[in-house]
Protein chains: 2
Amino acid sequence: MFESAELGHKIDKETYEKEVPPLREALLEAQIDLAKLAKFPVIILVSGADGAGRGETVNLLNEWMDPRFIQTHGMGEPSDEELDRPMMWRFWRELPPKGRIGVFLGSWYTWPILNRVAGRTKTADLDQSLERARRLETMLVDEGALILKFWMHLSKEKQEKRLKILEKDPKTRWRVTERDWEHYKLYDKFQAVNESVIRHTSTAEAPWTIVEGFDARYRSLTVGKVILDAVRKRLDEAGKKTTEVSAPPPLPSIDKLDILKTLDLSQKIDKKDFQAELEKYQGKLALLTRSPKFKDITVIAMFEGNDAAGKGGAIRRITSALDARYYNIIPVAAPTEEERAQPYLWRFWRHIPRRGRVTIFDRSWYGRVLVERVEGFCSETDWMRAYSEINDFEAQLVRHKIVVVKFWLSISKDEQLRRFKAREKIGFKRFKITEEDWRNRKKWDEYEHAVCDMVDRTSTEIAPWTLVEANDKYFARIKILKTMCRQIEAAMKNNK
Amino acid sequence: MFESAELGHKIDKETYEKEVPPLREALLEAQIDLAKLAKFPVIILVSGADGAGRGETVNLLNEWMDPRFIQTHGMGEPSDEELDRPMMWRFWRELPPKGRIGVFLGSWYTWPILNRVAGRTKTADLDQSLERARRLETMLVDEGALILKFWMHLSKEKQEKRLKILEKDPKTRWRVTERDWEHYKLYDKFQAVNESVIRHTSTAEAPWTIVEGFDARYRSLTVGKVILDAVRKRLDEAGKKTTEVSAPPPLPSIDKLDILKTLDLSQKIDKKDFQAELEKYQGKLALLTRSPKFKDITVIAMFEGNDAAGKGGAIRRITSALDARYYNIIPVAAPTEEERAQPYLWRFWRHIPRRGRVTIFDRSWYGRVLVERVEGFCSETDWMRAYSEINDFEAQLVRHKIVVVKFWLSISKDEQLRRFKAREKIGFKRFKITEEDWRNRKKWDEYEHAVCDMVDRTSTEIAPWTLVEANDKYFARIKILKTMCRQIEAAMKNNK
């Protein structure tokens, strides 16, 4: 795997000085076109051996191109705010928007490799990490990102030589740390893990480029040319959709039976029982979220449902049991300009809370497979891949021990009509029924189909959907409160 | 000062239950109008005595209004990312956008009060903190914010009583901590400091509302009504500009002499000397920023200048001496949608770096007193107040021991013409001269006037402007590098 990167590649000074100026100019022009087009971001990962010139390469890129439009991130020790969230959060918050270049020195591969070499994890753990990295990259590419992954390689002998050279020069001595020499002693171990990483994650859409790191001129020219070719090629292709795949047809509806139709929407609670139950479960939720153990818990609750199904009312019954300092509600509406310049899930990632907090999404990332699908706001490919992207997203949350609670509030078509009409009568502004509500209603069957697909494809063991029979508001609210309490309790027990 | 809040205000249950429903409805409607209009944010500070119902009030507001459009922030212990930045950064990051309500439980008053009572600071320090708070609030109000400050008061006797009542009930016992009792013992000390705080910061634009905190019904109704009246009043006034003041006329230009005209633009360095100096000062900058002491330093460098004065080239000469992982360049262009929904300085606050970092602004917050003034993008009042807002902003940075380096790159009108023409000749896209450049050039004198005003009003001892004679690029680049080195060195010495 590393054969070509141990051949002793070398570029003489004369060649280098002849080749650099046109390369720089071409890179700059590509960068300007990238910014003007602003259709896709470029994500560059720089990994590899200590002493193989990773930092130098990154600095050189900043010198060659316009550093104002490159964001470089040295992913060192995470901050407390980062540790409080799923591992990938720190990468999401630094993703470059469309039209920009983001360089990551240290990537989602760094810690899995270090942990495996140090024996803190097993091969199976490493494989899982790699699988997750691969899925993340596939998603980013599907969202339009150009990902370039560089692996700076040194043979064992060359690594020793490089570290010694750096140590000798007073100008570079500070760069060689004890840790570098420790890593050198573990060369063979690293090599085995590195190879496995590269093998598993060199995909068609985001392959690794292995670069021999010893000769600075060779390394620099190689990296520069790879970037130039890739960006230029993508710019030339821009506009063409290259990742279009045809989605398999959704499950046909043959016998008119579906998961929503199996719900018993006639379930009810009378007002007196409701009051008693409400007090009981709000009290319980209040105690649970105020217990010292809750400091280690994060809760993300998410509400989807038919228009007028009572999401707002249900949310208020939850929040009135919570301490306002520790919850946050995210009403999901049209994305902002900054959000549109990022992958679809970015605008949800940015709201992932710290531990000890509750975040409630009023509508959510499922918009893609519901309204965007039905209204044709995104392509079939986009919403088809969203199912697995969402599952990956939720799996990351759950792996970080976040309690993910997902509610679908279901009402019948007749009940919706009744509520629309009632709302039209009371002039109360908050409940104004809009044209859009009536329009959506006309597509009732299509929405129902989309909801059933969504439940089938995203109700997972780790993040199951709770379907809430919501024709009776009392019944719905109690079911929701109960579910919240049960899931939080379960998480507290597991955390012991 | 607290007399009216020790009268034993009390509302009976019947009155309360009669008054609450219409109040809630009116609050909700106001909130909806606020969101629809989206012209100003509402900032609510809730401060006061322990046990006076601050938390309960905040929770109640969330219950009465639509919690989806209220953001509540309990400003407890700052995170490491927050500690690494000026104190106000954590408030800036949580400011509500236009149309939303932000509730702060614990505010910019909390720590100054606690520090003074604990004797960690002197009266003079407290006064300074209050002065800063007042200036911040003035700025927010000028930017359109509605600020409501509530002080929940309890007499000494009532505080003891409240804490005991809370302790007796198993449901509220957890809320009374040892710290509450410690604070109770310091009641008189707190009272003296609180009074001084309220006296100094009850301004016409953001007065304190002191509320007797003992009776929950009285407290709740009072707060609810104050908020309703204030929001409603402001909504009714919206559109009318209420803070318009007439700015004093700028310094007249009588003898054609100004600070820019005193610059000797003929200063030059020849190429050979430039190469030597460049190497020297880049080397120095490289060593300085890589020294262990730099971990405690933050550098914010800011570039303004005539069009084609060479900002980009100068920035690249700096960054090529830096480690790409630790610097960030912010090219300042038109604000995004999220930025437009916030006070003017918000989009700069969000980029304030952590310690050990360098952030370079390519154009800056001075846009308001330069391009926005000259082109009439903001009112005279807005740019006139910007001078002191900017001085306050920079003072906060400097107080946090951030090194603030400000460059104005000055070229002559002839030199600009020469460069424009040269750029038009070389086809290189990056240097395309736009219509706008030619338009700006026509307003040369107006810009010059604005620059001189800016320097006069914002070149402070703590954050002085460095005027750079930039007709000769070599000379300019060396002067800039030298200045950077000198200021960083000075900061390192002071930090000892």
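Bear in mind these aren't lab numbers, they're just calculated from the coordinates by the rules spelled out. All values reported here derive from a predicted model rather than from experimental measurement. Neighbour counts are summed over all protein chains in view; Cβ atoms, including those assigned to glycine, are modelled from backbone coordinates with ideal geometry.
Add -39500 (n - 2.57) for each DSSP H run of 4 or more in chain B, then divide by its residues: what number comes out at 222 nm, to the nearest 500 deg cm²/dmol?
-16000 deg cm²/dmol
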Inset, instruction - Could you order peptides B:471-479, B:453-461, B:118-126 by the average number of other Cβ atoms within 10 Å of their residues, highest first? - result: B:471-479, B:453-461, B:118-126
Legend entry - Dipole magnitude of chain B, debye to nearest 20 (Cβ charges: Lys/Arg +1, Asp/Glu -1, about Cα centre): 1960
Legend entry - Amide H within-cut-off set for B:THR72, under 5 Å, with H built and near neighbours excluded: B:VAL103
Inset, instruction - Let me know the mean shielding of A:315-328 by other chains, meaning the per-residue number of their Cβ atoms within 10 Å of its Cβ. - result: 6
Inset, instruction - Among A:GLY48, A:ILE32, A:THR336, pick out the residue whose Cα is farthest towards the positive end of the charge dipole of chain A, where Lys and Arg carry +1 and Asp and Glu carry -1 on C-beta, about the Cα centre. - result: A:THR336
Inset, instruction - Holding the Cα-Cα limit at 18 Å, pick out from B:LYS442/B:LYS473; B:LYS149/B:LYS233; A:LYS280/B:LYS164; A:LYS18/B:LYS268; B:LYS10/B:LYS189; B:LYS271/B:LYS473 the pairs that are longer than that. - result: B:LYS442/B:LYS473; A:LYS280/B:LYS164; A:LYS18/B:LYS268; B:LYS10/B:LYS189
Inset, instruction - Using only Cα atoms, locate the centre of region A:90-104 and the centre of region A:382-420, then give the distance between them in Å, rounded to an integer. - result: 27
Legend entry - Extension gain from A:ALA286 to A:ARG232, taking 0.36 nm per residue of separation minus the Cα-Cα distance: 13.8 nm
Legend entry - Proximal charge balance of A:LEU260 [Cβ under 12 Å; K/R count +1, D/E count -1]: -4
Inset, instruction - Would you mind computing, in nm to one decimal, how far apart the modelled labels at B:LYS36 and B:ASP264 are, each placed 7 Å from Cα along Cα→Cβ? - result: 6.7
Inset, instruction - Quick one: grab the alpha carbon gyration tensor of region A:3-237, order the square roots of its eigenvalues as a ≥ b ≥ c, and give me rounded if a/c is under 1.5, else prolate or oblate depending on whether a/b is larger than b/c. - result: oblate
Legend entry - C-alpha long axis of helix B:413-425 to longest principal axis of chain B, angle in °: 80
Inset, instruction - For B:LEU114, go 7 angstrom from Cα along the Cα-to-Cβ vector, then report the distances to that same point in the other copies in nm, smallest first. - result: 3.2
Inset, instruction - For the protein assembly as shown, build the convex hull from the C-alpha positions and give me its volume per residue in Å³. - result: 197
Legend entry - Separation of alpha-carbon centers, region B:287-357 and region B:108-187, rounded to whole Å: 36
Legend entry - Cα→Cβ-extended label distance, 7 Å offset, between B:ARG24 and B:MET492, nm: 6.3
Inset, instruction - Using only the Cα atoms of region A:256-407, build the gyration tensor, take square roots of its eigenvalues as a ≥ b ≥ c, and label the shape rounded, prolate or oblate: rounded if a/c is under 1.5, else prolate if a/b is larger than b/c, else oblate. - result: oblate
Inset, instruction - State, as an integer percentage, the relative contact order of region B:260-495 based on alpha-carbon contacts under 8 Å between residues 6 or more apart. - result: 35
Inset, instruction - Can you list the distances in nanometres, one decimal and ascending, from the B:LYS432 label point to the identical position in each other copy, with the point 7 Å along Cα to Cβ? - result: 4.3
Legend entry - Simple spin-label estimate for A:GLU205 and A:GLU167 in nanometres, 7 Å along Cα-Cβ: 4.4
Legend entry - Label point 7 Å beyond Cα along the C-beta direction, distances from A:PRO292 to other copies (nm, shortest first): 3.8
Inset, instruction - Mind checking B:337-343 for the average number of partner chain beta-carbons within 10 Å of each residue's beta-carbon? - result: 2
Legend entry - Charge-dipole axis of the protein assembly as shown as Lys and Arg at +1 and Asp and Glu at -1 on Cβ define it, positive-most pick from A:ILE11, A:GLY144, B:GLN191: B:GLN191
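With contacts defined as alpha carbon pairs under 8 Å and 6 or more residues apart, what's the relative contact order of chain B in percent?
Answer for chain B is 19 percent.
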Inset, instruction - Take the alpha-carbon centre of region A:451-496, take the same for region A:1-71, and report the distance between them in whole Å. - result: 49
Legend entry - Assigned charges on the beta-carbon of Lys, Arg, Asp, Glu; the protein assembly as shown dipole about Cα centre (debye): 1160
